[in-house]
Structure formats: structure tokens, C-alpha cells
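Visitor: I am attaching a structure below and will ask some questions about it afterwards.
The values are calculated or read from the model by the stated rules, or taken from the named source; none is laboratory data. Keep in mind that this is a model prediction, so the values were computed, not measured. FYI the Cβ positions are ideal-geometry reconstructions off the backbone, even for glycines, and counts take in every protein chain you see. Ligands, DNA and RNA are excluded from the accessible area calculation, which covers all protein heavy atoms including side chains. Shrake-Rupley method; radii C 1.70, N 1.55, O 1.52, S 1.80 Å.
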Amino acid sequence: MSILVYTETENGKFRKNAFEAVSYAKTIADQAGDTVTALAINADDASQLYKYGASKVLVAKGDAHKVSPEVLGKLISEHADNFVVLAHSNEGASIAPFLAYNLEAGLITNAIEAPQSISPLKVNRKSFSGKGIMLAETAADKKVVTVSANSFGVKENAVDGSSEDISFDAAGGKVKVENVETNSGKLDLKEAEIVVSGGRGLKGPENWGMVEELADLLGAATACSKPVSDMDWRPHSEHVGQTGKAIAPNLYIAIGISGAIQHLAGVNSSKNIVVINNDAEAPFFKSADYGIVGDAFEVVPKLIESIKKYKNS
């Protein structure tokens, strides 16, 4: 029986988390002796998913504007068998409960590793805002799993594949999407490999130019602490932390952020954390892999200059 994976798209292009979700589903399929079927909305090139293990791609054609998670949950459940994988994004985390309800399935969210067993399903997941790891288990016949961003990774496992167009009705359901806002031209914080973040130590929004310049040089996304977004120095879409976005980049650079526990809850899954702060007693240094005690207005320009020299060498 096929493992079904819902793959997210944006303007017809697959998001990075789609490739990670398919990679994860392929690992499960190999353990269970199954195949992977992917489902996408208005994807331009379904064949991209073959590279990561999807042997069949169902491309739903229709008006996807303001589609509610309830409607998407219904669509996915109509094509699901006994195992569904989604990315643990805003979209995936919104769809998963509807999907689990429709299928009467066990639901495990924020999975960070391949399952230890399939029946019963045992898999490690993030818990306590990312501060702990929980071995979750369900003996339900049907399962729904969401995969934490940047935890499993994108892994090529090419197969021969085929695609099929299907239709869906975007209307209906009790949940209505009133408005959708997108940050055009910016990297998705949850998918970014590198994130450069600033806090109150930058003293004001007028000083954010060096943060953005450093991010541009590194091909990184920009982020901020909660006080910064509360003061409207930066948009709330960039707020990372317990009440903001939880991220797991390969590299997180924190500039002028003290490292309160609420902030750490959103970034402690980062593979490497670099802290730049002029307070040697800042709590963030206890969680950092690398730390620089110094004035950000001196350290960051020198870092930018060094990166430019390296790139031009």
C-alpha cells in the first residue's frame, strides 16, 4: 500500500519542504516495502519529485486561492491509504488535524527522525517547544506524520515515476480563509539554511542595514526577537521564538539578542548557533556553539568585510 505525501507548492513551484517530506516518506516506504505517491496543487513540474522517491504524483488542478486546510484535508483523505506524510509548516500543521479526523488516524507531529518501527509506529519528535525529544508511539491502523523542517533533510533517491491530473473543489467546509499575505522575494524563514537575526542591541530599525547586508552575502533569511517586532522595528513575520516561528537552520547568527528562554525555544534546533553580544554574561552564550563578545557595530562590519574579501579572492 502506497505512502501518500502532501507536497507544498508556491506559484507552481515545489517548496523545499516538499522534497524533505518526500524524502521522509520514501524512507518509510522502503522500511514497509511500499511505494510513495505524492499529491500537489497546481505543480508545474511533477517530475521533480521522482528524484526524491515519489513513483506517482497526483496533481490537483483547480482554483487554489484561499483554499482552507479543511478542504485540503478532505482532498488528501480521499486519496490516502493508511499512511500520510506532511511537512510541519503552517500549512501542514493546519491540515494534519483535519486529515487525522477524516481518516480516524493516529497523529504524530514534528517528527525529527525516521521511524524506529512502523507497526506500531514509533518515532522521535520535538516536544516542550523544541527543548526535549519525545519517543511518540501509535498503534492506530492509519497514521499521519508531520516532519519538522530541516530535521530529516532532502535526500535523493530517484525512481521511475508518472503523474496524473486530478480535480478538486476548493469551495465548501466550515473554515474560511479570509486573507493570505506573502513575503515576496524573501527566503522562507522555516526553510532557510542560514538565518541572521537581530535584537534590541541594534538600538533601532535604522541600523538593520548591516544585518540585511550580512544576510545577502550569506544567502540567508533575516529574523528578529519578539521585542523588536513588538516595537515595529521589523515585521512580525520575522519574529522567531516561542510565540513566533520555530526554525532549524544549519546556521543561526544572533546579533544583539540576550537569549531569553522564550527566544531559545524557537531557535534551539539550529545546527550551529553564533552569538554576537557585548555582554559576556548574556544567557545566549550558554547555548551558543560560537560566541563573540563585542560591540555589534564593530564586529558585524568587520565580518562583512572579511566575507567580501573571501568571496573576491
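Visitor: So how many residues does region 76-86 have that are open to solvent by 10 Å² or more (accessible area, probe 1.4 Å) and in contact (Cβ under 8 Å) with a residue 60 or more places away in the chain? Lay out the reasoning, then the answer.
Guide: Residues of region 76-86 that are open to solvent by 10 Å² or more (accessible area, probe 1.4 Å), as a first pass: 77-82.
Now restrict to residues that are in contact (Cβ under 8 Å) with a residue 60 or more places away in the chain: 79-82.
Counting residues in region 76-86 that are open to solvent by 10 Å² or more (accessible area, probe 1.4 Å) and in contact (Cβ under 8 Å) with a residue 60 or more places away in the chain gives 4.
Visitor: Would you confirm, using the coordinates I've provided, whether Asp141 is within 26 Å of Thr9 (Cα to Cα) and either out of contact with any helix residue (DSSP H, G or I) (no Cβ under 8 Å at 6 or more places or on another chain) or open to solvent by less than 100 Å² (accessible area, probe 1.4 Å) (or both)?
Guide: On the way: within 26 Å of Thr9 (Cα to Cα): no; either out of contact with any helix residue (DSSP H, G or I) (no Cβ under 8 Å at 6 or more places or on another chain) or open to solvent by less than 100 Å² (accessible area, probe 1.4 Å) (or both): yes.
Spelling it out, it is not the case that Asp141 is within 26 Å of Thr9 (Cα to Cα) and either out of contact with any helix residue (DSSP H, G or I) (no Cβ under 8 Å at 6 or more places or on another chain) or open to solvent by less than 100 Å² (accessible area, probe 1.4 Å) (or both).
Visitor: Residues to consider are Ser89, Ser127; find the one that is in contact with a Lys or Arg (Cβ under 9 Å, 6 or more places away or on another chain), open to solvent by less than 50 Å² (accessible area, probe 1.4 Å), at pLDDT below 95 and more than 15 Å from Ile3 (Cα to Cα). Lay out the reasoning, then the answer.
Guide: Working: Ser127 fails: in contact with a Lys or Arg (Cβ under 9 Å, 6 or more places away or on another chain).
Exactly one of Ser89, Ser127 is in contact with a Lys or Arg (Cβ under 9 Å, 6 or more places away or on another chain), open to solvent by less than 50 Å² (accessible area, probe 1.4 Å), at pLDDT below 95 and more than 15 Å from Ile3 (Cα to Cα), namely Ser89.
Visitor: Across region 116-150, what is the total count of residues that are part of a strand (DSSP E or B), of a type in the set (D, E, K, R) and either over 16 Å from His88 (Cβ atoms) or in contact with a Leu (Cβ under 9 Å, 6 or more places away or on another chain) (or both)?
Guide: To start, the set of residues in region 116-150 that are part of a strand (DSSP E or B) comprises 117, 121-127, 132-138, 143-147.
Those left that are additionally of a type in the set (D, E, K, R): 122, 125-126, 137, 143.
Applying the additional criterion that residues be either over 16 Å from His88 (Cβ atoms) or in contact with a Leu (Cβ under 9 Å, 6 or more places away or on another chain) (or both) yields 122, 125, 137, 143.
Total satisfying the criteria: 4.
Visitor: While we're on this one: Restricting the search to region 1-38, which residues are out of contact with any helix residue (DSSP H, G or I) (no Cβ under 6 Å at 6 or more places or on another chain), assigned to a helix (DSSP H, G or I) and surrounded by fewer than 24 Cβ atoms within 10 Å (Cβ to Cβ)?
Guide: Scanning region 1-38 gives Lys16, Thr27, Ile28, Asp30, Gln31, Ala32.
Visitor: Checking Gly294 against (1) within 20 Å of Lys131 (Cα to Cα); (2) of a type in the set (Gly, Ala, Ser); (3) surrounded by fewer than 18 Cβ atoms within 10 Å (Cβ to Cβ): exactly one of these is not met. Which one?
Guide: So the condition that Gly294 fails would be (1).
Visitor: If you don't mind, there's one more thing I want to ask. Answer with yes or no whether Lys186 is among the charged types (D, E, K, R), more than 26 Å from Asn82 (Cβ to Cβ) and open to solvent by 70 Å² or more (accessible area, probe 1.4 Å). Spell out the reasoning first.
Guide: On the way: among the charged types (D, E, K, R): yes; more than 26 Å from Asn82 (Cβ to Cβ): yes; open to solvent by 70 Å² or more (accessible area, probe 1.4 Å): yes.
So Lys186 fits the description; yes.
Visitor: Determine which single condition Ser287 fails, assuming it passes every other condition in (1) loosely packed, with under 14 Cβ neighbours inside 10 Å; (2) over 15 Å from the mean Cα position of the chain (by Cα).
Guide: It is condition (1) that Ser287 fails.
Visitor: Quick one: how many residues across region 39-57 are among the charged types (D, E, K, R) and either surrounded by 18 or more Cβ atoms within 10 Å (Cβ to Cβ) or part of a helix (DSSP H, G or I) (or both)? Spell out how you get there, then give the answer.
Guide: So in region 39-57, the residues among the charged types (D, E, K, R) come out as 44-45, 51, 56.
From what is left, the residues that are either surrounded by 18 or more Cβ atoms within 10 Å (Cβ to Cβ) or part of a helix (DSSP H, G or I) (or both) are 51, 56.
Residues that pass the stated criteria total 2.
Visitor: Which one of these does Glu113 not meet: (1) open to solvent by 40 Å² or more (accessible area, probe 1.4 Å); (2) of a type outside the set (Gly, Ala, Ser); (3) part of a helix (DSSP H, G or I)?
Guide: (3)
Visitor: Of all residues in region 191-217, which are over 14 Å from Ile276 (Cβ atoms) and either crowded, with 18+ Cβ neighbours inside 10 Å or among the aromatic types (Phe, Trp, Tyr) (or both)?
Guide: Glu191, Ala192, Ile194, Trp208, listed by residue number.
Visitor: Tally the residues that are at pLDDT below 95 and touching a strand residue (DSSP E or B) at 6+ places or on another chain (Cβ under 9 Å), restricting the search to region 59-74.
Guide: Summing the residues that are at pLDDT below 95 and touching a strand residue (DSSP E or B) at 6+ places or on another chain (Cβ under 9 Å) in region 59-74 gives 6.
Visitor: Output yes when any residue across region 163-175 is under 18 Å from the mean Cα position of the chain (by Cα) and at pLDDT 95 or above, and no when none is. Talk me through it step by step, then tell me what you get.
Guide: Narrowing region 163-175 to residues under 18 Å from the mean Cα position of the chain (by Cα): none.
Among the residues of region 163-175, not one is under 18 Å from the mean Cα position of the chain (by Cα) and at pLDDT 95 or above, which makes the answer no.
Visitor: Within region 237-244, identify whether any single residue is open to solvent by less than 30 Å² (accessible area, probe 1.4 Å), touching a residue at least 12 places away in the same chain (Cβ under 8 Å) and in contact with a Lys or Arg (Cβ under 7 Å, 6 or more places away or on another chain), and answer yes or no.
Guide: In the first step, residues of region 237-244 are kept if they are open to solvent by less than 30 Å² (accessible area, probe 1.4 Å); the result is 238-241.
Filter again for touching a residue at least 12 places away in the same chain (Cβ under 8 Å), leaving 238-241.
With the extra rule that they be in contact with a Lys or Arg (Cβ under 7 Å, 6 or more places away or on another chain), the set shrinks to 239, 241.
Scanning region 237-244 turns up at least one residue that is open to solvent by less than 30 Å² (accessible area, probe 1.4 Å), touching a residue at least 12 places away in the same chain (Cβ under 8 Å) and in contact with a Lys or Arg (Cβ under 7 Å, 6 or more places away or on another chain).
Visitor: Would it be correct to say that Ala60 is outside any loop (DSSP other than H, G, I, E, B), closer than 20 Å to Ser119 by Cα and either in contact (Cβ under 8 Å) with a residue 12 or more places away in the chain or open to solvent by less than 40 Å² (accessible area, probe 1.4 Å) (or both)? I'd like the intermediate steps shown before the answer.
Guide: Working: outside any loop (DSSP other than H, G, I, E, B): yes; closer than 20 Å to Ser119 by Cα: no; either in contact (Cβ under 8 Å) with a residue 12 or more places away in the chain or open to solvent by less than 40 Å² (accessible area, probe 1.4 Å) (or both): yes.
Against the criterion (outside any loop (DSSP other than H, G, I, E, B), closer than 20 Å to Ser119 by Cα and either in contact (Cβ under 8 Å) with a residue 12 or more places away in the chain or open to solvent by less than 40 Å² (accessible area, probe 1.4 Å) (or both)), Ala60 does not qualify.
Visitor: Just to be sure before I move on: is Ile304 β-branched (Val, Ile, Thr), in contact with a strand residue (DSSP E or B) (Cβ under 8 Å, 6 or more places away or on another chain) and crowded, with 16+ Cβ neighbours inside 10 Å in the structure I sent?
Guide: no
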